[in-house]
Structures are given as structure tokens and as C-alpha cells.
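Written below as C-alpha cells is the structure these notes are about.
No lab work stands behind these numbers, since they all come straight from the coordinates. None of these values were measured; they are calculated from a predicted model. Cβ atoms come from the backbone with ideal geometry, glycine included; neighbour counts cover every protein chain shown.
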Amino acid sequence: MGKLLIGCYSYTSCNKYGTNHEDVLALLRSAVKIVDNWRTTHLPALEKGNAFQAIFVSPEYQFTDPMAPNVRMAMDEKTKQEVLKGLADISDTYPKILMFPGTVFWKEPLNTPENLKKFQAQLVAAELSKKGVGTGRTLLPSELKSKPSKMVDMGDSFRGKQVPSLKDLSGMVKHASTGYRVYNELYPFLAGKRLYPYRKQWDYKETEGASATEKAYVPGCSAGTKEIGRFEFGFEICFDHNQGGLKAKGKEVDFHVVVSDCVATTEANMMMKDGGYFIHASSNPGSTCVWERPGGMKKPVDPPLPTKADELGYCLVDVERRAGSQDGVISMPKTPVKLLRVA
């Protein structure tokens, strides 16, 4: 049985909003290079028959508008394309590492028939999914402190930022020529290829209280799961995990990946299979972790993944070769871990 290397980067995105995207790409390249060096060091023990030998995960809001220093704003589509090109180049350089390089926060103008049609269709899909769509009700202070498993609908207010209701978003269609659609997306990369993105499913003040006629955030409504290299992956972005987005789908996966800025790790909402793994990269190093589920019992890897602000840690976990098999992953024993700061 071979091993897989998992690296988590506790990049403090919350303190770096608006950092030039080229500088962020340089930091990520350095971090992925470190992971690849670790991969090379442990190569004799790694499973070589799979599409990837290591997984790299970094936090939500890794990339925000570089023209808005110290403010979390969505970048334009041109900058987003430059970011994706840079990420593809990093992935092409390190083809044996499956990258989940945080999220890209961007916007597109709703001033073309094509964009408007897409906006309307996905708004309907969000309504039908009954995820993140509500009545515009404002939560009471006591409700804001509710248990993580409590479902919260779109239309609520978080920390004083009103989240638009479906009615508000529908009304925006009439003013589309002056508005934007905001995206918060996680793009996986493997061997230089960009895989289909996962979009955040719960609006947690993504537009910072802006009028729906200026900025609109349509919650994602995908299954949140994807097969990569014959392994099943499940995804959540920050508040999705708090709300149990993957748990609501009722499907267990080999690797449950969460990126956040930031949310607490909630054991009850973990959806890894028996023998699978939960991976969380957060801007809060206290939330960054890797959990295992040997014999059906969920617990942090032993010893736990050591992480500090803006540092990178890794662990080695056991996997069963999937190149010619769809069998489940095998329970892992104690795992070696390491920590390194990213310059």
C-alpha cells in the first residue's frame, strides 16, 4: 500500500485582501515547490500508480481584486483569466500535485444577453435547489450564535451585512446593464489542466451589503462532488461547511476538502468515507487540519498537522492504488508530519 502526501497552506488571506495577484501567484508557486520537494523526499513510499502523488490546499479568498488594497473586493474577468493562466503554469510545472489553490473572487458585468441569460438560468437553479434562498428575513442576535448545523437561508443578515433575497436578485434583472454578478470559485488543477470549478453555495456577505442592482451573488447549486483520478472528492467553501452543504447531499467521499476564511472545523459535517480523509486549509491556522476515519471513527491525524499563520504543513496518509480499481481507500496508521514557512 502506497502513501499520499497532503499539504495545507494557512495563508492569512484575511490580512492580505487586494494583494497583487502576481505576488500571490509567486507565493503559491513557492508553496507548491515546497510540497513537491517533500514529495520527492518521500517518493519511495508514495503510491506511483495514481494520477497524483500529493494534494495541495490553500484558503478561501486567495485571490481578490488587486486594485482594492486591504479590502475584499471581486476582481474583473481579465485579471481572473491572468490568475487562472498563472495557476495552470504552476500546475504544469508540478504535474504530480493535485492543486486546490484557494478561491478566486471575481465579477462579470451583466450587460450582455449571454451573461444575463446565464444569470437568470442559474438564479432559477438556485431557487430549485432550495440552498441559500430565503425570504429576506434578518436573523436575531441569538440566532447568529446558533449551532453550526443549523441551516441559514439567503436573505439573512450576517454581522450587519444584508444578504439579498431571491426577490431582490430577480429584480436586478431589470437593471442588469448597470450590475455585476460576483463569483467565489474553487478551481482544481492537475497536470496543467483546470478542472470544473466549485462555486460557494451559501452567500456570507459576499457583496458586503451592496444593493442587488449593483452586485449580485447567486449561490452555487452543484452536487459539490467530483471524481478526480478515480477518487471521489467533496468540496465546501467556508460557510458551506458551517451549514453542512456536503452532508445535505448525503454522499460520503474519499477526500472532503474545505477552504475557508475562516470557519471552524465541524466533525458532525465531515463526509469522508470509512478510511477517507477530511482536509481543511483556513486563513485561521487553528482550523487548518487533516482528519482521518479509520474503522468509522473520525479523528485528527496523529500526530496532528502542525500549522501556523502563513506556514505550510504536511502529512503522509495511506491510500489504495486506484489506477485500475474503484475500491475504497484503506485506513491509515499514524502519520508523519512536517511544517515550513513560505517566504
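Are there any trypsin sites (Lys or Arg not before Pro) in the stretch 239-290 that are in a DSSP loop and have at most 15 other Cβ atoms within 10 Å? List them by number. Filter output for the stretch 239-290: Lys251. Let a ≥ b ≥ c be the square roots of the eigenvalues of the Cα gyration tensor of the stretch 188-253; is it rounded (a/c under 1.5), or, if not, prolate (a/b larger than b/c) or oblate? Oblate, because a/c is 1.5 or more while a/b does not exceed b/c.
Cβ-Cβ distance of Lys118 and Met297, R₀ of 45 Å, FRET efficiency by 1/(1 + (r/R0)^6): the value works out to about 0.55.
When each of the peptides 29-41, 5-17 is scored by the mean number of other C-beta atoms lying within 10 Å of its residues, the order from highest to lowest reads 5-17, 29-41. Pairs from the list Lys215/Lys273; Lys205/Lys249; Lys85/Lys226 with a Cα-Cα gap above 30 Å: Lys215/Lys273. Descending by average beta-carbon neighbour count within 10 Å, the peptides 104-111, 70-77, 53-60 line up as 53-60, 104-111, 70-77, the highest first.
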